[in-house]
Amino acid sequence: MYDFAQPNEKPGTCGKCKGKGVYEWGTFVNGKASKSGTCFSCRGTGRQDHAQIKRNETYNRHKARWLFS
């Protein structure tokens, strides 16, 4: 699986971590994820501004070009 950034459509609460600043994935047992780490889409702040949205879009274009070339 390739983890792409999830840029918001407009500034506000991060859509990937839902404002927690921590991205969780893997198996969920009793509401707790088996794996978690800093959300790179918002850099752990829980919010995305215009600069972070642009950074995420650029990152995704670069990664997609590298993966599918």
How many residues are within 10 Å of Gln48 (Cα to Cα), among the small types (Gly, Ala, Ser) and in contact with a Gly (Cβ under 7 Å, 6 or more places away or on another chain) when one looks only at the stretch 1-25? 1
Contacts under 9 angstrom Cβ, first residue in the stretch 45-69 being in contact (Cβ under 8 Å) with a residue 40 or more places away in the chain, partner of a type in the set (A, V, I, L, M, F, W, C) and open to solvent by 100 Å² or more (accessible area, probe 1.4 Å), 6 or more apart: Asn56/Phe40; Tyr59/Phe40
Might you check whether a residue that is surrounded by 15 or more Cβ atoms within 10 Å (Cβ to Cβ), small (Gly, Ala, Ser) and at pLDDT 90 or above occurs anywhere in the stretch 48-68? no
Take the residues of the stretch 1-47 that are acidic (Asp, Glu) and under 11 Å from the mean Cα position of the chain (by Cα): which is surrounded by the most Cβ atoms within 10 Å (Cβ to Cβ)? Glu24
Which pairs turn up if I take residues in the stretch 29-43 that are closer than 15 Å to Pro7 by Cα and at pLDDT below 95 and look for partners that are among the hydroxyl-bearing types (Ser, Thr, Tyr) and open to solvent by less than 80 Å² (accessible area, probe 1.4 Å) with beta carbon separation below 6 Å, at least 6 apart in sequence or on another chain? Cys39/Tyr23
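The values are calculated or read from the model by the stated rules, or taken from the named source; none is laboratory data. Predicted model only: the values in this text are computed from it and were never measured. Ideal geometry is used to build each Cβ from the backbone, glycine not excepted, and the neighbour counts take in all protein chains shown. Please note that ligands, DNA and RNA were not included when accessible areas were found on the heavy atoms of the full protein model with its side chains. Shrake-Rupley method; radii C 1.70, N 1.55, O 1.52, S 1.80 Å.
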